[in-house]
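The values are calculated or read from the model by the stated rules, or taken from the named source; none is laboratory data. Please read all numbers here as calculations on a predicted model, not as lab measurements. Glycine gets a Cβ as well: all are built from the backbone with ideal geometry, and neighbour counts include every protein chain shown.
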Amino acid sequence: MNETRNEDLAARGMMARLWRALDGAPEMLDRVEMVGEGSLPSIFPVSGFAAAAVATAGLALAEWTASHGDTVPEIRVDRRLASLWFGFSIAPQDWPLPSVWDAIAGDYRTCDGWIRLHTNAAHHRAAALSVLGTAAERDVVAAAVAGWGADALEAAIVAAGGCAATMRGPDAWREHPQGRAVIAEPLMHLELTSKAALPHRRAEPKRPLAGVKVLDLTRVLAGPVATRFLAGFGADVLRIDPPGWDEGAVVPEVTLGKRCARLDIKSHAGRERFRALLAEADVLVHGYRPDALEALGLGAEVRAGIRPGLIDVSHSAYGWSGPWANRRGFDSLVQMSSGIAEAGMVNAGIDRPVPLPVQALDQGTGYLLAAAVLRGLSLRAAQGTGSRWRTSLARVGGFLASHRQTMTAPQIGRPERSDYSDMIEQTEWGAALRLLPPLALGDADMHWDRPAGKLGASPAVW
């Protein structure tokens with residue numbers, strides 16, 4: 001009982017910090033009940049973070065429903081289910097998920113440390129191989145990497161347009177120019193924008209986000225997690241991907257409840273279609289590097305002009321200031337850069353990186369983004385203003401890394417049949433089971449109106 005009590009207190013402490021970062025009303029915190037026990041194995045409290053992140057999104061949803069004159073509903077978060085949703089929520093029935101990782105992606109020993117190569121995207125893979133001058137064979141790549149210094153190889157691959165990260169320790173990250181920049185940033189940045197005369201929309205008790213239009217420009221993995229959560233409570237989510245983009249095993253995981261279209265916004269016709277979609281959207285969620293949309297003539301002020309009152313929510317990998325602000329990055333790379341993988345290695349007493357057991361930076365950021373969207377809806381309902389919100393994987397990683405897991409709770413392993421819904425989800429790949437929702441909120445019914453589907457299956461229209 002003491003272990004469960006300690007787990008609950010730690011998770012509630014993280015929830016309070018996340019909610020404060022969103023400028024949420026502190027009295028709302030008393031509406032949250034946390035149930036379940038157990039922890040994913042890590043030096044960091046990943047399960048407590050999962051429960052806290054889901055609860056924070058639940059708090060923002062409860063606030064949105066209460067902003068329409070309803071009482072604030074009770075919020076119930078299942079720690080075990082929240083932890084499992086931080087992994088894979090889908091269980092295919094008699095069909096295989098594609099591979100999560102490219103054949104040469106992973107950690108490699110250099111002459112002076114470790115580096116991680118992220119090669120899931122074809123152009124990132126080509127960039128790494130061009131620098132190394134090798135064929136796409138893991139043993140050959142490992143031999144080539146061994147002849148490089150980690151920092152030199154990281155710099156060369158990044159300069160070539162690829163993605164890589166040296167394993168740095170926590171102290172080295174704190175002293176690194178980018179680490180110092182990220183630490184100085186808020187966990188969530190909020191900026192109110194212009195007011196707009198938009199029609200009042202009352203939240204339906206069972207589907208509180210019905211009628212809310214969410215334009216989703218995000219890809220692996222935080223943004224899609226955010227918009228999947230919003231779709232679970234009725235939001236109309238339209239995901240836009242460029243021609244040819246794919247995400248392998250992640251697609252059946254994160255397209256649940258969404259319509260997915262393709263649009264080349266680098267072309268004039270694509271940008272015009274995007275502008276037309278944005279003009280009708282309530283929310284825009286995007287994960288482009290800080291300068292990417294600006295370079296296309298779609299900067300923040302332009303977006304606000306196209307849709308006054310827009311709730312504009314974004315995230316980046318390495319933060320919004322500092323020398324790496326425009327660097328490409330992913331959860332696994334940020335873990336290497338920021339000391340998380342080395343801390344896991346030291347704790348385990350082995351000589352290779354030990355990352356988090358799940359992509360917790362992506363997942364936690366996703367629920368924080370969803371909470372920002374919902375807080376934005378509440379602010380717009382109360383004040384008529386649009387808002388911009390932004391965070392980063394590196395800043396969320398710093399939040400998680402500021403906590404340690406000290407309790408010896410039972411370990412959460414693989415999902416059991418009882419963790420899944422009895423409903424069969426008929427995806428475009430075949431039948432699947434889906435984990436039970438990790439959140440219960442008053443009369444609201446967390447379910448998805450559309451099964452997971454392939455990218456580009458829908459037209460780019462509302």
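Identify, from the list GLY248, GLY257, GLY270, the residue that is of a type in the set (Gly, Ala, Ser), surrounded by fewer than 23 Cβ atoms within 10 Å (Cβ to Cβ) and closer than 28 Å to GLU425 by Cα.
GLY248
Of all residues in segment 83-99 being among the aliphatic types (A, V, I, L, M) and in contact with a Phe, Trp or Tyr (Cβ under 9 Å, 6 or more places away or on another chain), which is modelled with the lowest pLDDT?
Checking each candidate, the answer is LEU97.
When segment 15-28 is examined, which residues are found to be among the hydrophobic types (A, V, I, L, M, F, W, C) and either on the phi > 0 side of the Ramachandran plot or surrounded by 17 or more Cβ atoms within 10 Å (Cβ to Cβ) (or both)?
Selection gives MET15, ALA16, LEU18, TRP19, ALA21, LEU22, MET28.
Just for segment 129-151: of the residues that are small (Gly, Ala, Ser) and under 16 Å from ALA103 (Cβ atoms), which one is surrounded by the most Cβ atoms within 10 Å (Cβ to Cβ)?
ALA144
Within segment 426-445, take every residue that is more than 22 Å from PRO252 (Cα to Cα) and of a type in the set (Gly, Ala, Ser) and give me the one that is surrounded by the most Cβ atoms within 10 Å (Cβ to Cβ).
Only one residue fits best here, namely ALA444.
Name the pairs whose Cβ atoms lie under 9 Å apart, with the first residue in segment 339-365 and at positive phi, the second surrounded by 19 or more Cβ atoms within 10 Å (Cβ to Cβ) and part of a loop (DSSP other than H, G, I, E, B), and 6 or more positions between them or separate chains?
Qualifying pairs under 9 Å: GLY339/MET167; GLY339/ARG168.
Kindly list the number of the only condition in (1) within 30 Å of LEU97 (Cβ to Cβ); (2) assigned to a helix (DSSP H, G or I) that fails for ARG275.
Condition not satisfied by ARG275: (1).
Can you list residue pairs whose Cβ atoms sit under 8 Å apart, with the first residue in segment 286-302 being over 17 Å from ARG273 (Cβ atoms) and the second being among the charged types (D, E, K, R) and assigned to a loop (DSSP other than H, G, I, E, B)? Count only pairs 6 or more apart in sequence or on different chains.
GLY287/ARG219; ARG289/ARG327; ARG289/ARG328
Considering only segment 199-212, I want to know if a residue exists there that is acidic (Asp, Glu) and touching a Pro at 6+ places or on another chain (Cβ under 9 Å).
No, segment 199-212 contains no residue that is acidic (Asp, Glu) and touching a Pro at 6+ places or on another chain (Cβ under 9 Å).
Could you grab me the full set of residues in segment 449-459 that are among the hydrophobic types (A, V, I, L, M, F, W, C) and buried (at least 19 other Cβ atoms within 10 Å of the Cβ)?
ALA452, LEU455
Among the polar types (S, T, N, Q), in a loop (DSSP other than H, G, I, E, B) and modelled with pLDDT of 95 or more: does that describe SER387?
For SER387, the condition - among the polar types (S, T, N, Q), in a loop (DSSP other than H, G, I, E, B) and modelled with pLDDT of 95 or more - is not met.
Under 22 Å from the mean Cα position of the chain (by Cα) and either within 27 Å of GLY322 (Cα to Cα) or in contact (Cβ under 8 Å) with a residue 24 or more places away in the chain (or both): does that describe GLY384?
No.
Restricting attention to segment 404-425, report how many residues are of a type in the set (S, T, N, Q), modelled with pLDDT of 95 or more and exposed (fewer than 12 other Cβ atoms within 10 Å of the Cβ).
Looking only at that region, the number is 1.
As an exercise: evaluate GLY287 against (1) small (Gly, Ala, Ser); (2) crowded, with 18+ Cβ neighbours inside 10 Å; (3) modelled with pLDDT of 95 or more and give the number of the one condition it does not meet.
Looking at each condition in turn, GLY287 falls short on (3).
Could you list, in sequence order, all residues of segment 308-349 that are out of contact with any Gly (no Cβ under 9 Å at 6 or more places or on another chain), surrounded by fewer than 18 Cβ atoms within 10 Å (Cβ to Cβ) and part of a loop (DSSP other than H, G, I, E, B)?
SER321, PRO323, ASN326, GLY349
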